[in-house]
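Worksheet: one structure, shown below.
The values are calculated or read from the model by the stated rules, or taken from the named source; none is laboratory data. Computed from a predicted model, the values in this text were never measured in an experiment. No Cβ is skipped: glycine too gets one built from the backbone with ideal geometry, and neighbour counts run over all protein chains shown. Just the protein is used for accessible areas: all its heavy atoms, side chains included, with ligands, DNA and RNA removed. Shrake-Rupley method; radii C 1.70, N 1.55, O 1.52, S 1.80 Å.
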Amino acid sequence: MSPEVRPVTALIADDEAPMRDLLRSRLASVWPDLQIVAEAANGVEAVELGERFQPDIAFLDIRMPGLSGIEAARRLYERSHIVFATAYDQYALDAFAQGALDYLLKPVSAERLATTCARLQARIRAREKAEAAPQDIGRELAKLTALLENKGKPTTPAYLRWIQAQVGSSLRMVSTREILFFQSDEKYTRVQTVGAEFLIRKTLKELLDELDPDEFWRIHRSTLVRVDAIAEVKRDLRGRQMLKVRGYPGELEVSRNHSYLFQQM
């Protein structure tokens, strides 16, 4: 009688519930036998649940409150295969090139997840985790930690490429290339695309820190606009600079403090 095969188990950690839902759903499609034994909403929970359930795999969002995914991984990697999820390309560079760690770029595609799962299955079958020197993986985690703490700067800065917008009970992933402008709206920020708008909880200040300054300009204390969406700038009867954006019927005001952006007017 053949011995019973123990199911492969996994932990999912992400501070955004819709992203956990998306990853769980995609995993169910590409790896139906994988058992999700726990889900965490922050890095502290990830460590606690990881130590309690000791999953074979830990899917960790890099940026989480409490502890980052990288800090959590440093507590879990000796027991679990680590897969990072990130919206930032910089974390997919040097540290991942060694092959000791894997990553998923948000929003997670089914094709990319299938590749990652196939690699994980091969590692688990071959027991490569036991063959890999823990200090090597620890060294790669240290590189990522240095990036988070800005001790080492990547050659190309990592800028936000996707905005997560809640639409009813679903999550909409909006590429920054689709966005015409951001505009603060009391406690929310309005995201305007051609023919649609969404509300997100990120502030303009947070967006300014995360967006490429060559792609998005602040034209008013309440407005960020994508530069290549600008069609024209003109002055109204009161002498104010007013900006027309392709694909949007209205106009956006350029404040006096930001009029230097269009010096030739």
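A search for C-beta distances below 8 Å between a residue of segment 39-52 that is of a type outside the set (A, V, I, L, M) and any residue that is in a helix (DSSP H, G or I) and open to solvent by less than 60 Å² (accessible area, probe 1.4 Å), counting only pairs 6+ apart in sequence or on different chains, returns 39/20; 39/49; 43/69; 43/72; 50/72; 50/76; 51/76. Note on segment 1-53: residues that are polar (S, T, N, Q) and closer than 19 Å to residue 77 by Cα amount to 3. Residues in segment 5-26 include at least one that is at pLDDT below 85 and within 21 Å of residue 124 (Cα to Cα). Applying the condition of being surrounded by 16 or more Cβ atoms within 10 Å (Cβ to Cβ) and at pLDDT below 95 to segment 236-247 and asking which residue is farthest from residue 193 (Cα to Cα) yields 241. Taking the criterion of being over 26 Å from residue 163 (Cβ atoms) and of a type outside the set (Phe, Trp, Tyr), the residues of segment 74-91 that qualify are 74, 75, 76, 78, 79, 80, 81, 82. Residue-level check: of (1) at pLDDT 90 or above; (2) open to solvent by less than 40 Å² (accessible area, probe 1.4 Å); (3) among the small types (Gly, Ala, Ser), residue 184 misses just (2).
Matching residues to (1) part of a strand (DSSP E or B); (2) modelled with pLDDT under 95; (3) open to solvent by 50 Å² or more (accessible area, probe 1.4 Å):
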{"position": "173", "(1), (2), (3)": "yes, yes, no"}
{"position": "180", "(1), (2), (3)": "yes, no, no"}
{"position": "192", "(1), (2), (3)": "yes, no, no"}
{"position": "199", "(1), (2), (3)": "yes, yes, yes"}
{"position": "214", "(1), (2), (3)": "no, yes, yes"}
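If residue 233 satisfies every condition in (1) in a strand (DSSP E or B); (2) touching a residue at least 40 places away in the same chain (Cβ under 8 Å); (3) open to solvent by less than 70 Å² (accessible area, probe 1.4 Å) but one, which is the exception? Just one mismatch for residue 233, condition (2). Per the listing 206, 215, the residue uniquely in contact (Cβ under 8 Å) with a residue 12 or more places away in the chain and among the charged types (D, E, K, R) is 215.
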